[in-house]
Amino acid sequence: MQKMKRPSRRDINNILKRQINGWNDRRVGYNRIKLMTRLVPHEVTLLQTELSVMFPNYQFLIEDYTWHSFCYGSRIVTTVKYSAI
């Protein structure tokens, strides 16, 4: 059985056609890609649509998240959570 390809930050950069920093966070019990910027509503809609087409075996939840950093205080970033259907 072939392993399913997982979404990554590189896929998000290709969809939005711009460089977004972030990381894949798999330590919390569900898969999450944390982006170091806050996406605007039309980018969220585009990302949701494109990811659903590229990865039909996953469902996605894109939401804003308050990230607390030791060095920079807190800031609002966007997270993409995904799970296999």
First in the stretch 66-85 and at positive phi and among the hydrophobic types (A, V, I, L, M, F, W, C), second anywhere and in a strand (DSSP E or B) and at pLDDT below 85, Cβ under 6 Å, 6 or more apart: none
Thr66 assigned to a strand (DSSP E or B) and among the hydroxyl-bearing types (Ser, Thr, Tyr): yes
Candidates Tyr82, Tyr65 - the one that is of a type in the set (Ser, Thr, Tyr) and more than 18 Å from Asn13 (Cα to Cα): Tyr65
The stretch 18-40: number of residues that are under 16 Å from Tyr82 (Cα atoms), of a type in the set (A, V, I, L, M), in contact (Cβ under 8 Å) with a residue 24 or more places away in the chain and open to solvent by 20 Å² or more (accessible area, probe 1.4 Å): 0
Test: residue in the stretch 5-16 that is in a loop (DSSP other than H, G, I, E, B), out of contact with any helix residue (DSSP H, G or I) (no Cβ under 9 Å at 6 or more places or on another chain) and without any contact (Cβ under 8 Å) to a residue 24 or more places away in the chain: no
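The values are calculated or read from the model by the stated rules, or taken from the named source; none is laboratory data. Note that the coordinates shown come from a computational prediction; the quantities given were computed from them, not determined experimentally. Don't worry about glycine lacking a Cβ; one is built from the backbone with ideal geometry, like all the others, and counts go over all protein chains shown. Remember, those area values only see protein heavy atoms, side chains included, never the ligands or the DNA or RNA. Shrake-Rupley method; radii C 1.70, N 1.55, O 1.52, S 1.80 Å.
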